[in-house]
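Enquirer: Below you'll find the structure I mean.
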Amino acid sequence: MSRRPQARIDTAALLHNLQRVRDTAPAAKILAVLKANAYGHGLLKVAETLKDANAFGVARIDEALLLRAGGVVKPIVLLEGFFHADELPQVVASNLQIVVHHPSQVDAILQAQLDAPVQVWLKLDSGMHRLGLLPDEFADAYQQLKQSPNVIKPMRLMTHFSCADELENPATAQQMQQFFNSTEGLDGELCLANSAGVFAWPQSHGNWVRPGLALYGVSPLEDGDAAALQLRPVMTFCSSVIAIRAVQAGDKVGYGGSWTATKPTHLAVVAIGYGDGYPRNAGNYCEVLINGKRYPIVGRVSMDMTTIDIGDDPISQGDEVVLWGQGLPVEEIAAKVQTIPYELLCNITSRVEMHYL
Ligand SMILES: *Cc1c(COP(=O)(O)O)cnc(C)c1O
């Protein structure tokens, strides 16, 4: 077995989670979100596994072109649309679909000379105030685009939630109300829900859902538990022990000597660090799994190595160390280092070996 840091990707779990989304939103088509290298899981491999999704969503055109170059023929939606009018010919040539969220994009489409019409997902800002046409711009944009030969009819109509992970937050119901008001009487399939919408807000399912995180087996809900949603973690992030050493009471460990042994013990040095995408501030806070048992990280996480207090347990060089995965949810690590699982997953760096099971 490789001694280098690796991310094992359980493709059966990925398929299971897709099915969980289907079962939870049975009337909706699934736009599987694969941006940021499929949340660190590998863009093309994830796309190849999720054959049964109805479409793929990415953030940027280069991600879409990588999918096309890899032979993916399924519909691909650019979730932020095009950034400049000069990308439109490429959008058409690669048969991409575009989110239109800004009046300048509407103008660019109306003025463009395109070889073929494009599928537009017209986006309403229903309260997140990041991307989207304002309610008083929406109907106008819709009517203008509807007249344009550059646009496939009917368009699709979408919005994005800001707080769907918070079950008590009234913002989501307000956003839904705004969206249903603004789209009333307009022709087109509706798309609102991210992963949290899928699992927490059934009224938001519409004609299409747009899950990302849940597909990777991570709970999209605040303080959520993936197992309770019957989601299975897809990634196991692991490495191995490269040295074992004894330390004495009073010995300080690692950069800054931030941990001091209070009694004689043993340390396992693991080949993992922030250069692999493991968070530096996990030092002295998080645990790892070795042979199924939890052990604490002691001292700082360095670029390539991390030290674990293993006491007198019989752990050897070469033993596998799990940073997150089955038995040690990435949700738990994220909470301890005060971030979200999304960030940890997509921070995995290119020197981590990817393995697909
Ligand atoms: C990233 C993204 C999603 C997926 O969100 P999850 O919380 O990962 O399910 C859906 N829609 C848009 C517009 C996005 O940018």
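The values are calculated or read from the model by the stated rules, or taken from the named source; none is laboratory data. Bear in mind the structure is a predicted one, so any value in this text is a computation, not a measurement. Cβ sites come from the backbone with ideal geometry, for glycine too, and all protein chains shown count toward neighbours. Protein only, heavy atoms only, side chains kept; ligands, DNA and RNA dropped before computing areas. Shrake-Rupley method; radii C 1.70, N 1.55, O 1.52, S 1.80 Å.
Enquirer: Extension gain HIS84-THR262, at 0.36 nm per residue separation less the Cα-Cα distance, in nm?
Expert: Gain in length upon complete extension: 58.1 nm.
Enquirer: While we're here: Given a 1.4 angstrom probe, I'd like the percentage of the accessible area of the chain that is carbon and sulfur, rounded to a whole number.
Expert: Result for the chain: 50 percent of the exposed heavy-atom area is carbon or sulfur.
Enquirer: Among PRO314, PRO279, PRO89, which one shows the biggest mean-square fluctuation in a GNM of the chain, springs joining Cα atoms closer than 10 Å?
Expert: PRO314
Enquirer: I would also like to ask the following. Tell me, what ³J(HN,Hα) does each residue in the stretch 115-121 have, in order and in whole Hz, if you take phi through Karplus 6.51 cos²θ - 1.76 cosθ + 1.60 with θ = phi - 60° and put x for Gly and Pro?
Expert: Per residue, the Karplus-derived 3J(HN,Hα) values read 6, 7, x, 10, 7, 9, 10 Hz.
Enquirer: To continue, here is another question. I'd like the distance between the alpha-carbon centres of the stretch 1-68 and the stretch 102-168, rounded to an integer number of Å.
Expert: Each part reduced to its Cα centre gives a spacing of 25 Å.
Enquirer: Excluding same-chain residues fewer than 8 positions from LYS263, which lysines have a Cα within less than 29 Å of its Cα?
Expert: LYS263 reaches LYS252, LYS293, LYS336.
Enquirer: Using only alpha carbon pairs under 8 Å that are at least six residues apart, calculate the relative contact order of the chain and give it in whole percent.
Expert: Values: 799 pairs, mean separation 66.2, N = 357.
Reported relative contact order: 19 percent.
Enquirer: Which FRET efficiency value, to the nearest 0.05, do you get for ALA93 and TYR285 by plugging their Cβ-Cβ distance into 1/(1 + (r/R0)^6) with R0 = 41 Å?
Expert: 0.25
Enquirer: Let me ask you something else. For Cα pairs less than 8 Å apart in space and 6+ apart in sequence, what is the mean separation divided by the residue count of the stretch 128-216, i.e. the relative contact order in percent?
Expert: Details: 102 pairs, mean separation 22.5, N = 89.
Taking the mean separation of contacting Cα pairs over the length of the stretch 128-216, I get 25 percent.
Enquirer: So how do 258-266, 197-205 stack up, highest first, on mean other-Cβ count within 10 Å?
Expert: Values: 258-266: 14.6, 197-205: 20.8.
By packing density, highest mean first, the sequence is 197-205, 258-266.
Enquirer: Give me the 1.4 Å probe accessible area per residue for the stretch 1-153, excluding ligands and nucleic acids, in Å².
Expert: On a per-residue basis, 45 Å².
Enquirer: Okay, next question. Mind pulling the angle between the C-alpha long axis of helix 171-183 and the longest principal axis of the chain? Nearest 10 degrees, somewhere in 0 to 90.
Expert: Once rounded, the angle reads 20 degrees.
Enquirer: Using only the Cα atoms of the chain, what semi-axes does the equivalent ellipsoid have when each is the square root of 5 times a gyration tensor eigenvalue? Give whole Å, largest first.
Expert: 45, 20, 17
Enquirer: Considering only protein heavy atoms, what per residue accessible area in square angstrom results for the stretch 189-331 with a 1.4 angstrom probe?
Expert: Details: 5700 Å² over 143 residues.
Spelled out: the 1.4 Å probe surface of the stretch 189-331, per residue, equals 40 Å².
Enquirer: Angle, helix 11-24 long axis vs. longest principal axis of the chain, Cα atoms, 0 to 90°, nearest 10?
Expert: For 11-24 against the chain, the angle is about 50 degrees.
Enquirer: Can you compute the modelled spin-label distance between ASP312 and ASP136, with each label point 7 Å from Cα toward Cβ, in nm?
Expert: 7.6
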